[in-house]
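The values are calculated or read from the model by the stated rules, or taken from the named source; none is laboratory data. The structure displayed is predicted, hence computed values, not measured ones. A quick note on method: Cβ atoms are made from the backbone with ideal geometry, for glycine too, and the neighbour counts reach across all protein chains shown.
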Amino acid sequence: MKLDKQTLFRVAGAAFLLYLLIYYWSRISGFLFGLWVAAVPLLLGFLIAYLVNILMSYYENHYLMGSKVPFVNKSRRPVCMLLAFLSLILIVVFVVRLIVPELVSSVQLLGREIPVAWNAGMGWLQENVDPEVWTQIAGVVGGSNLDWNTIINKVANGLAMGFGGIMGTLAAFLTRTATAVVILLVAVIFSVYLLYGKERFAAQLDRVTRHYVRPVWYKRLIYVKEVFDHCFRRFIVGQCIEAVILGCLCVLGMYLFRFPYANMVGTLVGFTALIPVAGAYIGATVGAFMIFTISPIKALFFVLFLVILQQLEGNIIYPRVVGASIGLPGIWVLAAITVGGGILGVAGMLLGVPLAAALYQILKDDVNEGPMREQNLR
């Protein structure tokens, strides 16, 4: 290797930059963290725009296509964007209105039934347990006629004594909530700008990329971008279809076995199933709690039913529906979920499948069509 002055200057410059990076790492890391915090609304806005664009593009393709009326063509983008946002908002409102009232009523029912069940249990113990043993039990738990008003008053007094700490916690909670609302508002506004001028922004980004990236690398970069976009888009659509299938199967099964709250629990299970494989168990926990307020035995059978349904969905339906939509074999879908979940938890489960599908497609194209594509890129 020939060492000329230019190479030596580059090595010396790289070494000096590395030294500065190590020496000032605390300041640099603080600056990068601040930059990340400042960029969160924009990144969230980009994510919202990407998700909404899937539905908006569908509406645009069916909004009086082929019409030559100027007003129709000018109104296509804002109308379809509004329809896409409204569709997502209505879905969330529908799920919340279906779940929250039933959940609140279940908690209230449980609060009414606990004193009755406690007194009944203590009465049974008093009748069937040895008097000496009962005396010891009554001394510990307060007997069968437990004064719930006294307990509530003690809890209220304890809360009053810690009122200062509660107010501090409440203030911190309200501050975080207000910050989150502002971030979400900025993200939504940014996503609207991105969606309204997506072709213009894409063209500007393409011009910058063409200017600074060599033609061979530009074509490869565009190819990788299209593969990732296709895989993520198909994954989101497939995940939604799979969630609808699981929710419908849950509702039908609950009606078949006469479980209570069939519509609400089935909707919740389907909604949480947007998180791959593990999401349905989140809905199952809430559903089991609600059914428990009606019948503990039915809650136990519901958990057994959902475990069987989840195994069927996770091993047969999910790999076929989602795997087929993104072109990834079922075994690799399970592998991507397992590895992604082990590394990043829920986020890894969400990102593992489309990332694995994109890498699988790139590797497949490189193996099968590598020589031909390389020849076209030259």
> Among Ile99, Ile54, Ile89, which is the only one that is among the β-branched types (Val, Ile, Thr), in a helix (DSSP H, G or I), within 19 Å of Phe235 (Cβ to Cβ) and not assigned by TED's automatic domain parsing to the domain that holds Val265?
Replying inline: Ile54
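Let's see how each residue does on (1) polar (S, T, N, Q); (2) over 25 Å from Asp365 (Cα atoms); (3) assigned by TED's automatic domain parsing to the domain that holds Gly341:
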position	(1), (2), (3)
Glu226	no, no, yes
Gly238	no, no, yes
Gly253	no, yes, yes
Thr267	yes, yes, yes
Ala284	no, yes, yes
>> Looking at Cys248 and the list (1) in contact (Cβ under 8 Å) with a residue 24 or more places away in the chain; (2) farther than 20 Å from Phe46 by Cα, which single condition is not satisfied?
In response: (1)
>> Given the criteria of a type in the set (A, V, I, L, M, F, W, C), surrounded by 15 or more Cβ atoms within 10 Å (Cβ to Cβ) and not in a helix (DSSP H, G or I), does Phe259 qualify?
In response: yes
> Looking at (1) buried (at least 17 other Cβ atoms within 10 Å of the Cβ); (2) part of a loop (DSSP other than H, G, I, E, B), can you tell me which one Gly247 breaks?
Replying inline: (2)
> Given the structure, is Asn263 within 30 Å of Asp366 (Cα to Cα) and in the same structural domain as Val333 (by TED's automatic domain parsing)?
Replying inline: no
> Among the helices (runs of 4 or more DSSP H) contained in the range 267-378, which hold 1 or more residues that are at pLDDT 80 or above and within 22 Å of the chain's Cα centre (by Cα)?
Replying inline: 279-292, 296-312, 330-344, 346-377
>> Between Phe228, Phe190, which is touching a residue at least 40 places away in the same chain (Cβ under 8 Å), farther than 30 Å from Gln310 by Cα and not charged (D, E, K, R)?
In response: Phe190
> Which one is farthest from the chain's Cα centre (by Cα) among residues in the range 45-87 that are of a type in the set (Gly, Ala, Ser) and surrounded by 16 or more Cβ atoms within 10 Å (Cβ to Cβ)?
Replying inline: Ala84
> How many residues does the range 185-224 contain that are basic (Lys, Arg), assigned to a helix (DSSP H, G or I) and exposed (fewer than 12 other Cβ atoms within 10 Å of the Cβ)?
Replying inline: 2
